[in-house]
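J.: I'd like to ask you about the structure that follows.
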Amino acid sequence: MSGNAFGRRDLLRAAGLTLLVPAFLRDAFAVPENAGARLVIFMQPNGTHQRAFWPDPTTGRSPILDPLLTDAALARKLLLIRGVVNTTVGFGNEHDRGFNSLWTGVLPSGTPDDAFGGGPSIDQVLRAALKPAVLFPTLNAGVLAADVAPKNGHRRSFSYVDSMQQIPTQTDPYRLYAALFRQVESDPQRATQELALRRSALDASARDLTTLSARLGPAQRRKLDAHTTALREYEARLSQSLEASGACSKPAAIAPGIDLVLEDNVPQLTQLMLDLVVVSLSCNLTRLVTFPFGMCGNQWFYRWLNIARDNHSDIAHLDTEEGLDPVITGYMVQISRFWSEQVARFCSALDAIPEETGSVLDNSLVIWANENGNGSHSLSNLPIACIGRAAGRQTLTGVLDRGTQTHHQLNTSVLRWMGVHADGYGDQPNSGGLTGT
Amino acid sequence: MYRLWGLVRRRVLWVGAFALTGACAGGEQERGDSAVGGSSGAAGAATGGATMASPVEVSGAGAGGARCATVTERRLRRLSGSEYSHAVGELTGSAPAAFSLPDPTVHGFDTNADALGISSGNFEDYAISAELAASEVDVAALAPCASPMDSKSCARSFLEVFATQAFGRLVHEEEVASWMSAYEPARALGGYELGVRTLLQNVLLSPYFLYRVELGAEAQPSAEVELSPEETANVLAFALTGQRPDAELLALALQGGELLEAETRRSQANRLIRSEAGRRQLTRFLRGLFGIQDLRAVNKEPVRFPMYTPRIKEELDTEIALFLEHALSTGGGTLDAVLGGTHTFINQNLYDTLYAADYAEQPDKPVFPDAGTFVQVPFNPRLRRGLLGLAGFLAAHSPIHRTSPVDRAVTLRARLFCAPMQPPPGLMFNPPPPGDPEGTTRKKFEQHTQDKSCQACHRVIDPLGFGLEMIDTLGRYRTTENQLPVDSSGALLATDVDGPFAGPAELAARLMESQQVRACVVTQLFRFMEGRDERQGDACVLEPLQQYFKPRERSLADLAVEMVLSPNFFRRRTEP
């Protein structure tokens, strides 16, 4: 796989060097009218250095954001939201609350040491509201290369179906590739028969789910509803694979042998996973994506940036607002800039893919957020960058700075940008949206 | 092959049976249920060892006796990843394709019913796993059919037995008829073999296989119901063995009410917990309790510690497995055997890489027959003792580049004293100053407590972690760090065994004396087996059990049996 994002032309080339778009791709590219926007949420751990994040009012430049600001096409579609506060209290520390509450809008659940989301996260709220008719209505993928003992399992995802019901983050590009681009039986008759067998298994399972569900109360039934929904989505994907009948274009297979838990592979894994997300979005395989850039509160060493220090304890926690230790602050900026570059590269790839109206980026809302406002666990002034036009619903550019605004207001505005009517979010049903939007 | 034949033979027997029967201010968590957790255990005298009264008798609330305020809700519990893998392996003869997505844990346990679900994030794993298992199974061995002309009957017989084993209950005629509808199309496509594979795949994808069903009879809202005999058998078997009921237990369940009698349950519980599966389940509990589920997933900074190879990690995991096996068998399965074991099991490679410094001043060094063979070796009694002394445990609770006295202490307080520490409020968060990068870890962490706002908690936390500083992030004994002497003088504070200690051996000796630790282990076992956190109303279950477990000669297996016999274990409450 090349290091570049896949473009539409790459896909066509992979389909057999023909300009005749195969059925699968034709369907895939055929984004229905009024489909609304796509949403991608990136979460970065361990805060940022505030003074290096927000653009200088005079020059308009920012050491961290320059990869986005200096690309004129992206800068025109960039909105920075200042003053957002995650007001959540309860289980876990501020790292945990960044992951378990920023996008759920409700108090965390679980235990003090194992703090999970207390309700559905915004990707699942949107899924329920928009019911996107695509093969992967939501996709939770990311890069979590292990760096410490896996005792913080609750920190691996910020996507929740329900209280404590975390959607696992797919971190394996090989598996994601296989799920997105299924192998199909080359003999159509055989393929039809095999599909029938698979469907029979799924139908039998669905019948059992229905029978069981009838005996349950509302809370337990919700659990099975998520199961049933996943089953039906999987069934739809099987059918689509068959309809592609082997003509489904797919990128070249990922070279084998990448160690998924080795931190030094994070840049390569990030690139591979983001490339697959670009394909998923541009082919209309999915419309709602959540993507952690590491576990919350992670302890990566960023050796690929020649840092080689625990970014949590030995960098983020030592950074000060004034930048009293220039080496530490330098590392802090370098790390955030690395993620800024990944976001810029991702957005540029989306912007390079034209659609009937604008580009894929124009019809998307890409949010790059952070669990903390700074390296000292602050939940105030979270650095929020929104790129894209959300299919014309988000038209602001520059810095939205209207003082303190809650994460409920942020989520409410995101819902509205995605075309969903909302007066509030989570446990604040009347929070309203962001002031100034 | 022989094992598979054994399975088939067992199934035939089953079919016959079925035919016949049909503390720091603001720091430690203040929880409403703290009274039933570990802290309560510090009070009160230990029950005399001679009486060995069961907690059921103590409470006067045996099965069917007085009822507690808290009854678990009717629920479905998804099998955890390890339960699922084991179940598929037992049914098909081979473990399923590894899942890429680990289950979330709560208190270190992967059995929490609320946290386990199936969603768009992991359904495909189950679907593919079922398909692969079905495609790889040896049909001739699993579902032999002597009469090809009557293959449908063979398939049906296979389905009845296989589904019964997979679901841990008798399957009903209408269910069999429904599932058999998939057989004929498959047979038409690929003969009897594909027909059987398809049935097997369907069973492995059924929610009756993927979940443990704990519903009881239909009832009004907010009512308490008894689980059915089959559900009771499943609850008993999963709690004590982590798997579906075996043939004997299931046959009992299918006979109806006998399993609902307390003595039958006790006899079955004793049989199960003392089986190989029972020991495996206790091992799983202890690995979760101590946060050492899989040492192969513990990483260290590769540049600084190139010796921490996959091989070493594998060997550390083996060391823990052998240590626990010994503690639960030869050691009598007591908490003392776990906390205070005087020997470990290592090979030459582990010795050379991680343990050699322990024996530097000892005249008699361990002898190994070759590089790979594991040998029982006495700890240096001055330095290490018990599970907390194992290099793997201490490495698992250290960051990748250095030790963290705070991490180790917080883990020990949460897991063994049931006293989790509340993280500092965000607005008060005061990161430690950088300190001298060439100094000792202890010195850096001591600067925490210079700030008064930190002292409330860190004066309790840090001394516990400091006492383990003689063991580095890999689990090696050390006397210096950055050419400076290591100070391992530590202390336990705000516990029932307060006092100074230095090193894992002295800490173990204190923990073995602690009734607070014993009470906490009871609470942790409850969380592990019930699949939920304790609540205020669970005191009537936990307090008698904590009383029961006070004598140090009582084993974890005995405790597990008493726990499953406690009131409410086989009752459920309908939703309001």
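J.: Name the residue from B:LEU387, B:VAL375, B:GLY332 whose Cα lies farthest towards the positive end of the charge dipole of region B:300-417, charges +1 on Cβ of Lys and Arg and -1 on Cβ of Asp and Glu.
T.: B:LEU387
J.: FRET efficiency for B:GLN255 and A:ALA308, Cβ-Cβ distance as r, R0 = 45 Å, nearest 0.05?
T.: Numbers: r = 66 Å, r/R0 = 1.46.
The pair B:GLN255/A:ALA308 has a calculated efficiency of 0.10.
J.: Same structure, new question: Distance between the C-alpha centers of region B:184-225 and region B:68-128? Whole Å please.
T.: Distance between centres, Cα-based: 16 Å.
J.: How big is the gap, in Å, between the Cα center of region B:339-414 and the Cα center of region A:351-392?
T.: Measuring centre to centre over Cα atoms gives 49 Å.
J.: For B:GLU73 and B:LYS443, calculate 0.36 nm times their separation in residues minus their Cα-Cα distance, and state this gained length in nm to one decimal.
T.: Details: separation 370, 0.36 × 370 = 133.20 nm, distance 4.95 nm.
That pair, B:GLU73 and B:LYS443, stretches by 128.2 nm at full extension.
J.: Check cross-link reach from B:LYS300 to the lysines: straight Cα distance under 18 Å, and skip same-chain residues fewer than eight apart.
T.: Candidates past the 8-residue exclusion: A:LYS151, B:LYS313.
J.: Please work out how much length the chain gains when fully extended from A:ASP401 to A:GLU321, using 0.36 nm per residue of separation minus the C-alpha to C-alpha distance, in nm with one decimal.
T.: Working: separation 80, 0.36 × 80 = 28.80 nm, distance 1.91 nm.
Roughly 26.9 nm would be gained on extension.
J.: While we're on this one: Between region A:212-236 and region B:502-544, how far is it from one alpha carbon centroid to the other, in angstrom?
T.: Region A:212-236 and region B:502-544 have Cα centres spaced 36 Å from each other.
J.: In debye to the nearest 20, how big a dipole does the protein assembly as shown give about its Cα centre with +1 on each Lys and Arg Cβ and -1 on each Asp and Glu Cβ? Write out the running numbers ahead of the final one.
T.: Details: 94 positive and 112 negative charges, 197 e Å.
Charge dipole, the protein assembly as shown, about its Cα centre: 940 debye, nearest 20.
J.: Under unit Cβ charges (Lys, Arg +1; Asp, Glu -1), what dipole magnitude, rounded to 20 debye, does chain A have relative to its Cα centre?
T.: Values: 38 positive and 42 negative charges, 217 e Å.
Value, rounded to 20: 1040 debye.
J.: Determine, from the Cβ-Cβ distance of B:VAL303 and A:ALA255 and an R0 of 25 Å, the FRET efficiency 1/(1 + (r/R0)^6), rounded to the nearest 0.05.
T.: Values: r = 25 Å, r/R0 = 0.98.
E between B:VAL303 and A:ALA255, to the nearest 0.05, is 0.50.
J.: Can you work out the FRET efficiency for the pair B:GLN536 and B:ALA141, with r the C-beta to C-beta distance and R0 = 41 Å, to the nearest 0.05? Kindly include the intermediate steps, with their values, before the conclusion.
T.: Working: r = 52 Å, r/R0 = 1.28.
After rounding to 0.05, the efficiency reads 0.20.
J.: Hey, another quick one. Which whole-number percent gives the relative contact order of region A:309-437, counting Cα pairs below 8 Å spaced six or more residues apart? It would help to have the intermediate numbers written out before the result.
T.: Values: 157 pairs, mean separation 20.2, N = 129.
Answer for region A:309-437 is 16 percent.
J.: Hey, another quick one. Give me, ordered by chain and number, the residues 5 or more places off A:ILE167 or on other chains with an amide H under 5 Å from its own placed amide H.
T.: So A:ILE167 has HN proximity to A:SER159, A:TYR160, A:VAL161.
J.: What does a probe at B:GLU174 reach in region A:189-232, counting residues whose amide N is under 15 Å from the point 7 Å along Cα→Cβ?
T.: Flagged as within label range: A:207-215.
J.: Follow-up question, since we're still on this one. Normalised by the number of residues in chain A, what is the relative contact order in percent for Cα pairs under 8 Å and 6+ residues apart?
T.: On the way: 858 pairs, mean separation 141.7, N = 437.
Relative contact order comes out at 32 percent.
J.: How far apart, in nm, are the 7 Å Cα→Cβ label points at B:GLU513 and B:ALA356?
T.: 3.7
J.: Also, quick follow-up: If you take the charge dipole of chain A about its Cα centre, with +1 on Lys and Arg Cβ and -1 on Asp and Glu Cβ, which of A:GLN193, A:GLY118, A:GLY398 is farthest toward its positive end?
T.: A:GLN193
J.: How much mean residue ellipticity at 222 nm does the protein assembly as shown get from its helices, if each DSSP H run of length 4 or more adds -39500 (n - 2.57) and you divide by all residues, to the nearest 500 deg cm²/dmol? Show your work: numbers first, answer last.
T.: Working: 36 runs with 419 residues, N = 1013.
Calculated at 222 nm, the ellipticity per residue is -12500 deg cm²/dmol.
J.: So which residue, out of A:ALA52, A:ALA178, A:ALA390, gets the largest mean-square fluctuation from a GNM of chain A using Cα contacts under 10 Å as springs?
T.: Judging by the Gaussian network model, the answer is A:ALA178.
J.: If I model a spin label at A:THR211 and A:TYR174 as a point 7 Å from the Cα along the Cα→Cβ vector, what separation in nanometres do I get?
T.: A separation of 3.8 nm, rounded to one decimal place.
Values in this text are rule-based calculations from the coordinates and carry no lab data. Because the structure is predicted, anything quoted here is derived from the model rather than measured. When we count neighbours, we look across all protein chains shown, and the Cβ atoms used for this are built from the backbone with ideal geometry, even at glycine.
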